[in-house]
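Reading through the structure tokens given below for one structure.
Coordinate-derived values only; no laboratory data. Here the structure is a predicted model, which is why all the values come from computation and not from measurement. Note that each Cβ is placed from the backbone with ideal geometry, even for glycine, and that neighbours are counted across all protein chains shown.
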Amino acid sequence: MGVRAKVMVLGVVLLAVAATLYQKNARTSLVGGYPADFDPRAPAPEEPIPASYETSAPGLPRLVALGAGRCIPCKAMAPIRIELRKEYPGALAVDYYDIWVDKEAGRHFEVWSIPTLIFFDSLGGELERREGFTAKGDILGIFSSHGIRLRKTSSP
């Protein structure tokens, strides 16, 4: 096979790879990996305000999200938190604290940047922390990597 033919084959392979990557990213924007329908100008959806910094559901694994209503990655994660609450009631506690409204929450959880996610086991022990936008699959994967298999108890 000549050089020209090899270059053409390489070009076809590169086009195929590019098309595959484009299809894979079709559901997310190219900036930050946020959902394609996310509008950063829209107000953040309202979420329940926890009564305290302790879990409202003892005995369950817990996800604590700390962010702010005007923080774009925090707003992009709001629908994910809402989905998790709807899909895993009785299996996962999901709490959100807006640290611009409740400044003490940031100090209590020792948060230095937002959004921050803190993963707890069912005994209240901290498993892991993540900073920045984190997709739903990654959140579920983190719990799974610590041996916590969450089972859906309802659908969105």
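Couple of notes before you dig in:
- Where helices (runs of 4 or more DSSP H) sit wholly within segment 72-156, those with at least 2 residues that are within 12 Å of the chain's Cα centre (by Cα) and within 22 Å of Tyr34 (Cα to Cα) occupy 72-87, 136-145.
- Taking the criterion of being within 18 Å of the chain's Cα centre (by Cα), in a loop (DSSP other than H, G, I, E, B) and either of a type in the set (A, V, I, L, M) or surrounded by 21 or more Cβ atoms within 10 Å (Cβ to Cβ) (or both), the residues of segment 39-71 that qualify are Ala44, Pro61, Ala68.
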